[in-house]
């Protein structure tokens with residue numbers, strides 16, 4: 001229960017911050033822009049014509065759900081890559097702020113166990129990001145439902161991959177933030193992992209750049225546990241577009257990210273548990 | 001310096017052989033302290049004596065290297081024990097975007113105060129610590145230092161804790177506000193709560209506490225009931241300037257001489273307009289009575305007799321001086 005109380009404080013404090021306000025204003029503005037700029041003529045479930053920013057789209061008549069697939073795919077990618085970047089910047093100071101001198105002593109003297117504090121911060125941040133993701137993708141789905149008379153939760157399900165990817169990144173940011181209590185270092189760790197997670201999809205190419213067996217082994221060792229963000233983004237885009245996704249392909253990517261996040265959270269708990277404040 | 005009484009089972013807090021090292025610095029060097037239940041315990045000492053580290057060790061915020069701590073009969077890491085503790089850290093950082101109500105709501109939830117009385121208790125506590133009602137809903141980022149301190153004190157008082165640990169509670173509060181805070185602390189004490197106070201304001205510690213420990217270089221150099229620590233081996237006896245049968249315009253010289261003859265030592269710095277102070281050296285009440293009888297027999301008028309007490313500043317100075325002398329002797333012996 002204390003995890004919920006800590007998470008609640010994290011969310012409440014974040015909503016009072018200007019950056020989070022900016023995020024939700026940006027989402028609302030984007031949704032409004034889409035509402036007023038997109039005009040779809042749907043006849044019997046098929047797209048008879050469409051206009052974006054007043055320009056007629058040169059399209060033959062297609063079923064509306066088929067027409068929307070690339071849009072949902074694009075939305076999934078934007079949510080994933082841009083959302084992750086914004087999330088890293090916006091949440092970098094959460095853990096250092098919660099663990100700052102004068103605040104952590106007070107929290108630790110309350111009936112909160114140290115691991116509850118860490119997990120509470122993690123859950124609070126994920127709740128914030130889940131909310132932002134749900135509002136943006138849910139808003140788009142709703143607008144398209146009004147405009148095209150077709151509703152799907154696929155974009156929201158696709159965006160869950162972005163949340164999963166962020167969960168892995170934030171777990172590392174939390175561990176680093178617990179250790180050094182610096183927002184800048186925490187953000188740096190997040191951005192580094194973000195970049196690593198994107199390029200890890202080309203692990204074979206990277207490893208083959210060198211002929212040295214030692215360096216290869218070292219690269220393998222470093223890159224193997226890194227969550228494959230590009231693969232996660234592709235899975236998310238596929239789900240958003242309503243494509244059939246093979247479970248055998250999804251499970252290792254998703255499982256890897258979850259295991260990585262879990263391990264990093266355990267490390268963060270161990271750091272906080274062993275520290276003097 | 002171990003405090004032999006009371007027995008630990010009657011104690012709110014027991015620390016035995018507590019040690020904490022930060023790198024090469026021994027911040028806490030084998031502290032033994034017993035704080036009786038319901039006591040108002042004051043921790044005093046110079047800057048860097050290890051007072052805040054000691055408090056953090058007691059609450060499990062810092063990990064001890066050696067020794068043991070029992071708080072309210074249990075382990076300070078036990079959440080059931082911590083539910084019964086109210087703590088105000090030295091520099092409490094309240095999220096600036098939170099109002100006092102929002103901050104205390106979070107604290108009350110964690111302390112497990114039922115929702116049915118949470119709101120009322122928060123409001124009552126804020127009123128108790130003297131935070132103006134118009135400020136309750138405002139962001140604490142705009143609060144003065146004193147207002148933040150009052151909010152922190154309210155957080156510590158929530159849930160009516162059995163042990164109240166206050167690290168510089170009146171820091172940043174004006175003299176009148178200090179008096180109000182002191183009354184709030186004493187009120188908690190009257191309710192039966194044990195008070196553990198760390199304050200650099202010795203007069204405040206003297207007014208609030210009934211037990212004191214002096215910490216110097218990570219060690220307790222003096223501890224005990226305040227009344228015992230303040231007592232000296234003398235009595236203060238105040239005489240009227242005029243003699244029982246003397247003239248009204250007597251300058252007191254005759255009376256003074258007679259008092260000296262009776263065995264009293266004049267204390268000129270403590271004189272009043274129509275009376276003057278003396279000391280009677282010794283703790284034997286029978287000898288004091290005999291001296292007083294001799295004084296009365298000489299026509300002196302006794303105004304007041306009380307044990308001669310020293311203030312905390314003197315106790316602190318004496319303790320540190322004695323500790324420095326002991327350290328110097330130990331060094332010489334080692335050499």
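Since every read-out is calculated from the coordinates, none of them should be taken as a lab result. Keep in mind it's a predicted model, so treat the numbers as computed, not measured. Neighbour counts are summed over all protein chains in view; Cβ atoms, including those assigned to glycine, are modelled from backbone coordinates with ideal geometry.
Compactness of segment B:76-150, taken as the C-alpha radius of gyration over 2.2 N^0.38 Å, stands at 1.12.
Rg of the Cα atoms in chain B, relative to 2.2 N^0.38 Å, amounts to 1.23. Restricting attention to segment B:8-229, close to 55% of DSSP beta bridges with both partner residues there are antiparallel. In the distance distribution for chain A, Cα-Cα pairs more than 31 Å apart total 36 percent. Which log10 I(q)/I(0) values, to two decimals, does segment B:19-146 give at q = 0.09, 0.14, 0.15, 0.20 Å⁻¹ under the Debye formula with one point per Cα? Values, matching the q order: -0.36, -0.82, -0.92, -1.21.
Per residue, the Cα convex hull of the protein assembly as shown amounts to 224 Å³.
Volume per residue of the convex hull around the Cα atoms, evaluated for segment B:231-309, comes out as 74 Å³. Label zone of residue B:21 (point 7 Å out along Cα→Cβ, amide N under 11 Å): in segment B:53-70 this covers B:65-66. For chain B, the relative contact order comes to 18 percent (Cα pairs under 8 Å, sequence separation of at least 6).
Compactness of segment A:114-197, taken as the C-alpha radius of gyration over 2.2 N^0.38 Å, stands at 1.35. By the beta-carbon count within 10 Å of each Cβ, the least crowded to most crowded order of B:264, A:80, A:145, fewest first, is A:145, B:264, A:80. Residues A:193, A:126, A:19, B:201, ranked from the fewest to the most other C-beta atoms within 10 Å, line up as A:19, B:201, A:126, A:193.
The shape of segment A:98-238 comes out oblate: with a ≥ b ≥ c from the C-alpha gyration tensor, a/c is at least 1.5 while a/b does not beat b/c.
Any chance you could check the Cα centroid distance between segment A:80-122 and segment A:182-261 for me, in angstrom? If you average the Cα positions of each part, the centres end up 25 Å apart. From least to most packed, judged by other beta carbons within 10 angstrom and beginning with the fewest, A:211, B:125 follow the order A:211, B:125.
Centre-to-centre, using Cα atoms only, segment B:152-189 and segment B:66-126 are separated by 13 Å.
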